[in-house]
Amino acid sequence: MNYYPTGFPSGPPGPQPPHIVPSAAQLPLPQPQQPAMVLEPISRPRRRAYDSRTGQPMVDANGAPVMVLAKGSIGSTFEVSANVYPIRLTSPPNTVWFKYQVTILPQRQTTASNLPPPLPPKSLLRKIWRELELRDKSDSTIATGGGFFGGEGVVFDGRGACYASGQLPHASTSIVLPGPGQGAQSFSISLTNPVQISVDDLKKWYTGTQPSSQADALDALAALNVLFHHGPSLLFPSSSKVFYMNDPEKHGLPRTHQPHSLEKGIELWRGFFESVRICERGLFLNLDTTTGAFVKPGNAVRVVMDFLPTRRHQDVYANALRSTDRISVNRLLKGATVKVHLGHGQPKFMKIRLGLTRGSTSQTTFELRDTQDGSTRTVTVKDYFRTQYGVSLRDPEFPCMEVKPGVMYPLELCEIQPGTKCNRRLTAAQQVAATAFQTLKPSERFSTISSVRANTLFVHTEPRLVPFQVQLNPVTPSKIRARVLDPPSIAYSQGRRSEPSQGAWRMARNQDRFVAGAACRSVAVILCSERYANSTAQFLQAFWSGARGLGMDVPQRPIGPQHFHVWDGRVAPGHSPTDEAQRQIRLALDLGGRFYNSKPDLVFYVTEKQNDPMYNSWKAAGAAEGVATQTLRTKGLQRATDFQFVINVAMKINGKLGGLNFSFVPDTAGGDRRKGRLDANAPLVLAADLTHVDNKPSIATVIASMDSRSLPLRYQAAISVQRLVEPLQNSPSKRGKKQEIIEGMEGMVLELLKAYFRLNRRAPSNNVVMYRDGVSDSEWSAVLSIEIPAAKRAFARFLKEVPEVAGWAPKLTYIVCVKRHHLRFFGSDPSAQEGRNQNIPAGTVIDDAVVDPRAFDWYGAAHTGILGTTRPTRYVVMDDEQTSRLSPDDVQSMTHALCHAYQRCNRAVSIPAPCYYADLVCQRVRAWMPMDLDDQRSSAETATSSEGDAASRREDLKFFTEALDHAKVGLAAFEASAGRPPIQWWL
């Protein structure tokens, strides 16, 4: 997509019109692009090996130079340990494992229907397999010749495949699964399509000794992952690589790991992630702690009461439940296992597919057929349970629980069982409450992981490794080489500099000033209540004094309470929250404008609430209105004399209005105080990110540095809405599929290149570095075959459409940032620990032992872990077109420096600043989107399901596109009013 018209004016650049996207109805819906072949990222550079004694180059038996993987050398070295356990394959050469397709079907008790039997739910498959294993190990089975598995080790992935240490003697069997109150259930199990998996292929792949197919190696790796996860998954609630414990004390863990209750019927369970990784030193099992949200078990009435804002059982009455609350409860409980108590008989266990009914048990009726004469009569649920089961309900005003169409039970007889994952996003309040439970200091995390390894895995996993001839080391490796890179020196106005320590630095009062102070000559104020008028006026007067001392051009006349606009956050009937917020901003702008005789540059919003429900609407309205906004908590009004608080607020405002808070001292943006890549090349730096909204279109963002002949510190953003992919016609799911690859990459990169030219009247640097956030290992091939070529096509179009940049020869380096991994590092001794939590030092880089043996990757932690255990970011160089390929020191020092360029705070962040900005933009834009579309459609209660259909997805795309266009008009006006884009409005 070309966001701007072709050609450029010869005069000074002016504001450009926003990109207008065609309506969703006009947009084609092609199938997502797929890579034609599996591509791999570039390999780590290699260098000559030298004899440590003689210093001479080493050669092999044929006289060829010995080459080793290149590693970084700058920085001070120390040793760390990691949460990985070495795996050893002891099988002899030519060993093969077998993969079978598993089909489990219920055996029908009647032949009245010709329809095929329904597939058992996934939660039932592992129970069936466990029963099969118990039968296989029984004494009577062993005595008759080895059982169904013939003595081979077999593990099940919980879905449709199993792996065996040898060929199995039988292809099918049946199993009887006992069930209380329902009688025994019989299932047929068939194992078909055996495929051999070579263990040698895996060894060759990670050792690099001989050529080997990556696909073959990944098959064996998948088998290993199932092998390690199989045992715990039979005993604990689990997902593909995580198992959770609701009684960890029983398994050797402290009581502090017991489930933690949250509001609205949710509780947190401690979970444990396990994954087999191919690393430079071989195979490792990565074991880590995690957290899962589960529906709180117990009586269903109590669970519903916990979800509601009040705690009275009368609020659960069918006639008292609001429609929106009933829909929300049904979404929460969908898929939960419920135990129904039926008087003196055996209880029933059912899966909830629907949820609460509208009517109470005394109102809900159904047709009951007489088995003798075939007549029917209408009965209520209340009367049926009294006559059929002898159960007199205590409170017939409660609704029924409809587990599936036409099958209903009184709510008070239902009990929600443990182990139901919560399929809703935690609220802001729940996330705050969950922080303490999720946070573990390094020593606590390492101790917990070690306990799980010594107890749970020793008992439930290691015996299953023996038939596969696999061994798991009991201890983690403690001698992994790490280095600490020096941070860049921070530059302020008039040559002042500050040296970061432990990932942070300070501004000196009355000495340090922003590199470029922005102008803010008029403001408007919105108050949540008149009682804060005087304290707000006093705060602004003191704050402007502090901001003026930091170098900002701020109002000389303090605005008074008579020009404040009061808004309590309530939305007028018939208005959307964003429209109402925009209306209130206009009223505030009118008051402020009359005081200053000019349109305010900034609007303050003073609120009492930490998680103000109007915050997102307020931000969206500010963008659409084309004005900078800053939110203040009333509790912060007393901190106007707190110098650090003034700095924190002033840094955000200064950045939003086009200022620059700090820069780097020249020639220090390299890890060893030498001239780094940022100084030597002044590269064009881009970053891209993609955020998803549940069952809605995604938001894609690309940002690019706009600095010419200087360090990349100022950025501009390009944004697009990305559709969901329609399911295939024969797909059982009706959901649209999220795309992890950015469709509009070419158009957004082209837009930013043209914006750079308009601003600087020259081509960017030939050195182009692009960071891509949020890409997993499984998406590398798609990035290489789709996104990187799209960026290069944008370069070619820029050269073609802008003749003035002829001769520009861009060389792209593409780096992926991976935050969602479970590798953690722990200092081996006190000298390798830092801060109150004793984390690894800020600036730590690891490119040894646990890195990929083939890819060009490393782990970096530029920041200090303030809460819990530091999570390093994994960086993977996917492509590098530089004439002289970048060395590990080059990319590591450049990335480390960019982690110090984040303009919102005086500390290093965990990923390069441009990646952080791209993520911020995605989150900001996400708040502009009309998220209440589902609630509007659900008013008729026809959809507790959120799958939707193609028509609703097209409508969503239309609404999202219109919302983005509306905001872009405001952003264009915002940038034009400041005089010098780019304006980093997301700060």
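If you go through region 502-548 one residue at a time, how many are of a type in the set (Lys, Arg), farther than 28 Å from Arg714 by Cβ and crowded, with 16+ Cβ neighbours inside 10 Å? Summing the residues that are of a type in the set (Lys, Arg), farther than 28 Å from Arg714 by Cβ and crowded, with 16+ Cβ neighbours inside 10 Å in region 502-548 gives 0. Taking the criterion of being in contact with a Phe, Trp or Tyr (Cβ under 7 Å, 6 or more places away or on another chain), within 16 Å of Pro86 (Cβ to Cβ) and in a helix (DSSP H, G or I), the only residue of region 441-471 that qualifies is Arg453. Among the residues making up region 476-504, a single one is hydroxyl-bearing (Ser, Thr, Tyr), in a strand (DSSP E or B) and within 31 Å of the chain's Cα centre (by Cα): Ser501. For Asn611, the conditions (1) in contact with a helix residue (DSSP H, G or I) (Cβ under 6 Å, 6 or more places away or on another chain); (2) part of a helix (DSSP H, G or I) are fulfilled apart from (2). Evaluation of Asp568 against the conditions (1) over 32 Å from the mean Cα position of the chain (by Cα); (2) part of a helix (DSSP H, G or I); (3) among the acidic types (Asp, Glu) shows that the sole unmet condition is (2).
Condition check ((1) at pLDDT 95 or above; (2) part of a loop (DSSP other than H, G, I, E, B); (3) of a type in the set (A, V, I, L, M); (4) closer than 27 Å to Val68 by Cα) across all residues:
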position	(1), (2), (3), (4)
Trp858	yes, no, no, yes
Leu867	no, yes, yes, no
Arg874	yes, no, no, yes
Ser884	no, yes, no, yes
Met894	no, no, yes, yes
Arg904	no, yes, no, no
Val909	yes, yes, yes, no
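The residue list Ser81, Ser91 contains one member that is outside any strand (DSSP E or B) and surrounded by 13 or more Cβ atoms within 10 Å (Cβ to Cβ), which is Ser91. Which residue pairs have Cβ atoms under 8 Å apart, sit 6 or more places apart or on different chains, and have a first residue in region 606-617 that is at positive phi and a second that is among the small types (Gly, Ala, Ser)? Close Cβ pairs (under 8 Å, with a partner that is among the small types (Gly, Ala, Ser)) do not exist here. Scanning region 374-412 for residues that are assigned to a loop (DSSP other than H, G, I, E, B) and among the acidic types (Asp, Glu) yields Asp395, Glu397. All conditions but one from (1) part of a loop (DSSP other than H, G, I, E, B); (2) modelled with pLDDT of 90 or more; (3) crowded, with 22+ Cβ neighbours inside 10 Å apply to Ile741; the one that does not is (3).
Can you tell me how many residues in region 707-738 are of a type in the set (Ser, Thr, Tyr) and assigned to a loop (DSSP other than H, G, I, E, B)? Show your work before the answer.
Filtering region 707-738 for residues of a type in the set (Ser, Thr, Tyr) gives 708, 710, 715, 720, 731, 733.
Within this subset, residues satisfying the condition of being assigned to a loop (DSSP other than H, G, I, E, B) are 708, 710, 731, 733.
Adding up the residues that qualify gives 4.
Suppose we keep only residues that are free of Cβ contacts under 8 Å to residues at least 60 places away in the same chain and among the aliphatic types (A, V, I, L, M) within region 516-537. Which one would you say is farthest from Arg557 (Cα to Cα)? Give the derivation first.
Our first condition is that a residue be free of Cβ contacts under 8 Å to residues at least 60 places away in the same chain; within region 516-537, this holds for 530-531, 533-534, 537.
The next check asks that each one be among the aliphatic types (A, V, I, L, M); those that pass are 533, 537.
Values: Ala533: 17, Ala537: 11 Å.
It comes out as Ala533.
Before we move on, is Ser952 in contact with a Lys or Arg (Cβ under 9 Å, 6 or more places away or on another chain), at pLDDT below 85 and farther than 21 Å from Gly517 by Cβ? It is false that Ser952 is in contact with a Lys or Arg (Cβ under 9 Å, 6 or more places away or on another chain), at pLDDT below 85 and farther than 21 Å from Gly517 by Cβ.
Out of the residues in region 892-929 meeting the condition of being closer than 18 Å to Ser720 by Cα and aliphatic (A, V, I, L, M), tell me which one is surrounded by the fewest Cβ atoms within 10 Å (Cβ to Cβ).
Filtering region 892-929 for residues that are closer than 18 Å to Ser720 by Cα and aliphatic (A, V, I, L, M), the one surrounded by the fewest Cβ atoms within 10 Å (Cβ to Cβ) comes out as Ala927.
Here the condition is being more than 30 Å from Met245 (Cα to Cα), in contact (Cβ under 8 Å) with a residue 12 or more places away in the chain and in contact with a His (Cβ under 8 Å, 6 or more places away or on another chain); of Gly390, Gly343, it holds for Gly390 alone. Please verify whether Ala913 is touching a helix residue (DSSP H, G or I) at 6+ places or on another chain (Cβ under 7 Å) and at pLDDT 95 or above, treating the condition exactly as stated. The answer is yes for Ala913.
Candidates in region 643-656 are the residues that are touching a helix residue (DSSP H, G or I) at 6+ places or on another chain (Cβ under 9 Å) and surrounded by fewer than 18 Cβ atoms within 10 Å (Cβ to Cβ); of these, the one that is farthest from Leu920 (Cα to Cα) is Phe643.
The values are calculated or read from the model by the stated rules, or taken from the named source; none is laboratory data. As the structure is a prediction and not an experimental result, all values here were calculated from the model. Because the Cβ atoms are built from the backbone with ideal geometry, glycine has one as well, and the counts that use them run over all protein chains shown.
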